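The values are calculated or read from the model by the stated rules, or taken from the named source; none is laboratory data. These numbers were taken from a predicted model, which means no experiment stands behind them. We place every Cβ from the backbone using ideal geometry, glycine too, and count neighbours over all the protein chains shown.
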Amino acid sequence: MAMVKEFMGQCMVETFCCDVSRWSSQPNRFCTKRQRTVSLLPTFSELKTMLQLSPPSFLKLDHSSMTDLSLNTVTFTIAGTVTLKNTDHKEIMMMAMTMLQQFDSTLNKAVSETGIVMQLVSTEIDPRTMEPKLSKRVVLDLFKHSKVNGYDYERSTYKVDFEIDSDFGFPGAITVINKYDQEIFLEGLSIEGVVDIACNSWIQPEKVHPEERIFFTNKQAYLPCDTPAGVKELRKEELRQVRGNGKGERKSHERVYDYDVYNDLGNPDKGSEHVRPILGTAHYPSPRRCRTGRPHATTANKYESRLNSSDQTYVPRDEAFEGVRKEALHVEKIKGTTRNFFPFITTCITKCGNFKKLSDVEKIYKRSHVHQNETTTKWSLPVNMTKIQNDVEDYFKFNTPSIIHSGNGCCIKDEELGREALAGINPLSIKRLETFPPISNLDPSIYGAQKSTLKEEHIINHLDGMSVQQAMEEKKLFVLDYHDEYLPFLNGINGQEDRKAYATRTILYLTQLGTLKPIAIELSLFEGETSKQVLTPPLDATSHWLWQIAKAHVCSNDAGVHQLVHHWLRTHACMEPFIIAAHRQLSVMHPIFKLLKPHLKHTLQINALARETLINEGGIIESDFSPGKYSIEMISAAYRDWWRFDMESLPADLIRRGMAEPDPTHPHGLRLFIEDYPYANDGLLIWFALEKLVRTYVNYYYRDGIMVRSDNELQAWYSEVINVGHADHANASWWPTLSTPSDLTKILTTLIWVASVQHSAVNFGQYPLGGYVPMRSPHMKKLLPKEEDPEYKQFLKDPEGYLLSCLPNLFETTKFLAVVNILSQHSPDEEYIGQRKDLSDWASHPEIIQAFYKFSLDLKRIEKEIENRNNDPKRRNRCGAGIPPYELLIATSGPGVTCRGVPNSISI
Ligand SMILES: [Fe+2]
């Protein structure tokens, strides 16, 4: 009735439909009884007159129902448009079917039995049957219905008419059955532009997915308690479908979200050296991943078998990459493979491939214009020929990463090491030094006392006349401390071929210019017994080179922790359970699901790809980074000892690391101890804009704690995240409670922050800021040379050559660059924070739309502020000679490797 009122005007409807709501005429799933008339109805002639006087554009009297009117039954036809996205599958299917139709008329009957069967479901319950009111079923036959959008190759729009009774009420949902043999992609349904149902989902053929697909109108979000009676059961049914039964192998067409442990990273069928620990056990805690149900390995029941190279890891169908995103990734993979071709051949021929000179490294990258001009002069080739030659050569080379300009050379400069701790791709490890010497939290019964050998005398001369205690009190001392992360694994790491690492600690001093300067490096080994040595800034040529090699080890430690802990674990892996639980427990109608939706996209697919080729046994992470085959264990150890959800918000993380303290006199109530800390400076602007949006949103839907606590879907979501998705931390006391709107605001802000800003901070600079191996090597092959080493003489003779021989060889380097280049890409169809394609979800809630607009505006202002900061010469950590601007937290970007842009979700 509500819909009819809206369409036709209150008075008219009330005049003739005052009791139409008692009618229901169509046979259907819920209601099969034919109802009789009531006396207050207008006569047929009265009704016909009324409709003819003022015919609504979207309603037309169904001719077939005219006769029914004589039986006092009124039905209306509502015009709708259905939009399908064109895909290769569908085009092939349509071509084949059309040809068959032309050559075999007997097929016509079979074709007529196919189609897309749709039925509208009202928000209202029929009081007599206590079942939802339904429209008649409509069959959209793609071969008979003509498209209404002409030659649009991306999508096809068809007109369909739904028959409803006059007492139907407002549509709340649509059910869909695909009776074709191929899956179709249903974009959505619109009824005269008044009711929209955004589907954006693959609909499987009925024979593989016999259950009706359910899509709800996106005019409004509903808390569970507010769900219209007509779609209440459908809300539960839709969630039941998505949860699945937890059994069997998942097929690629399914859409089931479920959990499993990481028992798919090793490959025991290949031999014992390919076995890796199962993550998600008491001994190796881990977040859970999306369950695939693949068969067990032949030789070990606990492990899932590895995929055949031609197969793909299961993800729910709508999570799979499609279109330009899939194509762009494919193109980059081909480029990467091409660029690895010659380095591979060279490495095979030379049987080593080590860099001998710095110029060998530079040859990997595309030539600059200067070099091009030099070539032209030298060879005196015609300009066109030279350009072609250069273009061909460049095709096999990598773009020059922006970081080269700030530290070109065979090693990282001191000030650059300090700067990158604040504005590089890992700004998350730097901590304020609060105890000197630093202490280890490793279990002494296993690792011994692990007492640092750093002494005041090592650093006192670099403290501007202060004692160490004074410098700490003045908040001038900081540390990059990788001791506890690496030491437990050093025996194993250094037992690997061509891998050598220390557990490093670097003490940094905050200069009067606001920059960080490394003043001591402690290198620890743990091979049977602990040995530690301390290096300080050099005084002569030999100590200069030893200092450079020590810094290279620090950067290599940093590269491993960045990739394994801050990037993979804290963003990709830890978000996955939140995403799975959201799909399983929050209805798509739920306001919190609608808020989170853009932040959940693509992550399951990219994580599945990571399990295939990145973090698996023998994968890119193991082959490129220092921890090698111990990478998986290192991830688990960090999750066990360090990860806490309550510390994943930006303010909490900064305070935990001693980089800030609460201070109501400072903006946002937080005082940073390093004023020019680009990641924190820009991040805090976004954090508080985001928190404002989320608070507005949460307070709109939840007036008080009672509403939060009584929201059964919300509580089930959070409970499942803790007890299933993060089961190994289920008993931790640090999980935030979810009892009030304020609790919910904090939890959601943190989640959105991690999925968008935090991930971008550590992801999109990987190539531009980390793609120059001499400055940031993913692994090292040698320790510092000792006088008793046979190679020591060679080190004295050619220290630069020695340092280069510590780095990955040519092929290892190009392989690494190809991967980080792909990981730093933005897809052409990326959606960035502040952008939302689905604001129609809040068409009835202008307050919410206004809040989103304000947030977008805030991000625009922040973008401008970031640009200003990057041009401020007082901010020496982001502005200066050869220093790349810090743009990683600028919200928007074009496609490709841009070193800026914050996508809504973890999508690469
Ligand atoms: Fe990533």
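Summary table below
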quantity	calculated
Lone qualifier among 560, 514, 492 - being touching a residue at least 40 places away in the same chain (Cβ under 8 Å), surrounded by fewer than 19 Cβ atoms within 10 Å (Cβ to Cβ) and assigned to a helix (DSSP H, G or I)	492
Residue satisfying all of: in segment 872-908; more than 16 Å from the ligand (Cβ to nearest atom) and in contact with a Phe, Trp or Tyr (Cβ under 6 Å, 6 or more places away or on another chain); farthest from residue 824 (Cα to Cα) among these	878
Test: residue in segment 832-852 that is acidic (Asp, Glu), at pLDDT below 95 and crowded, with 19+ Cβ neighbours inside 10 Å	yes
Selected residue (criterion: surrounded by the most Cβ atoms within 10 Å (Cβ to Cβ)) from residues of segment 636-686 that are charged (D, E, K, R), farther than 18 Å from residue 424 by Cα and touching a residue at least 40 places away in the same chain (Cβ under 8 Å)	648
Single unsatisfied condition, residue 197 versus (1) closer than 19 Å to residue 138 by Cα; (2) at pLDDT 95 or above	(2)
Conditions (1) in contact (Cβ under 8 Å) with a residue 12 or more places away in the chain; (2) surrounded by fewer than 22 Cβ atoms within 10 Å (Cβ to Cβ); number of the one not met by residue 461	(1)
Selection count, segment 525-539, where residues are at pLDDT 95 or above, assigned to a strand (DSSP E or B) and either in contact with a His (Cβ under 6 Å, 6 or more places away or on another chain) or surrounded by fewer than 18 Cβ atoms within 10 Å (Cβ to Cβ) (or both)	2
Candidates 515, 536, 571 - the one that is among the polar types (S, T, N, Q) and within 16 Å of the ligand (Cβ to nearest atom)	571
Single residue of segment 732-765 satisfying the filter (in contact with a His (Cβ under 8 Å, 6 or more places away or on another chain) and of a type in the set (S, T, N, Q)) that is farthest from residue 404 (Cα to Cα)	756
Only listed residue being crowded, with 24+ Cβ neighbours inside 10 Å and within 22 Å of the chain's Cα centre (by Cα), chosen from 590, 553, 566	590
Residues located in segment 870-882, provided they are more than 18 Å from residue 516 (Cβ to Cβ) and either modelled with pLDDT under 95 or buried (at least 18 other Cβ atoms within 10 Å of the Cβ) (or both)	870
Scope segment 433-458; condition touching a Leu at 6+ places or on another chain (Cβ under 8 Å) and either part of a loop (DSSP other than H, G, I, E, B) or among the aliphatic types (A, V, I, L, M) (or both); matching residues	433, 436, 437, 438, 440, 442, 450
Residue selected from segment 753-796 under the condition within 16 Å of the ligand (Cβ to nearest atom) and small (Gly, Ala, Ser), by the criterion surrounded by the most Cβ atoms within 10 Å (Cβ to Cβ)	765
Enumerated helices (runs of 4 or more DSSP H) restricted to segment 568-646, each holding at least 3 residues that are more than 14 Å from residue 717 (Cα to Cα)	591-600, 603-613, 620-624, 631-641
Condition check for residue 774: in a loop (DSSP other than H, G, I, E, B) and without any contact (Cβ under 8 Å) to a residue 40 or more places away in the chain	no
The listed residue being closer than 19 Å to residue 724 by Cα, modelled with pLDDT of 95 or more, crowded, with 16+ Cβ neighbours inside 10 Å and in contact with an Asp or Glu (Cβ under 9 Å, 6 or more places away or on another chain), out of 239, 265, 223	239
Test: residue in segment 731-738 that is over 23 Å from the mean Cα position of the chain (by Cα), modelled with pLDDT of 95 or more, among the aromatic types (Phe, Trp, Tyr) and surrounded by fewer than 20 Cβ atoms within 10 Å (Cβ to Cβ)	yes
Residue within segment 547-563 that is over 24 Å from residue 265 (Cα atoms), within 16 Å of the ligand (Cβ to nearest atom) and of a type outside the set (Lys, Arg) present	no
Sole residue being crowded, with 24+ Cβ neighbours inside 10 Å and within 19 Å of the chain's Cα centre (by Cα), chosen from 603, 613	603
Scan of segment 655-692 for residues that are in contact with a Pro (Cβ under 8 Å, 6 or more places away or on another chain), assigned to a helix (DSSP H, G or I) and among the small types (Gly, Ala, Ser), ordered by number	669, 680
Scan of segment 602-615 for residues that are closer than 14 Å to residue 563 by Cα and touching a Gly at 6+ places or on another chain (Cβ under 9 Å), ordered by number	610
Residue list for segment 278-298, restricted to those being under 10 Å from residue 261 (Cα atoms) and assigned to a loop (DSSP other than H, G, I, E, B)	278, 280, 281, 285, 286, 287, 288, 291
Helices (runs of 4 or more DSSP H) lying entirely in segment 796-908 (those with 2 or more residues that are farther than 30 Å from residue 546 by Cβ)	810-823, 846-870
Residue check for residue 301: assigned to a loop (DSSP other than H, G, I, E, B) and over 17 Å from residue 608 (Cα atoms)	yes
Selection within segment 729-771 - out of contact with any helix residue (DSSP H, G or I) (no Cβ under 7 Å at 6 or more places or on another chain), under 30 Å from residue 817 (Cα atoms) and in a helix (DSSP H, G or I)	760
Residue check, residue 522 among the charged types (D, E, K, R), buried (at least 22 other Cβ atoms within 10 Å of the Cβ) and either on the phi < 0 side of the Ramachandran plot or within 16 Å of the ligand (Cβ to nearest atom) (or both)	yes
Positions within segment 693-710 being small (Gly, Ala, Ser) and not in a helix (DSSP H, G or I), in sequence order	710
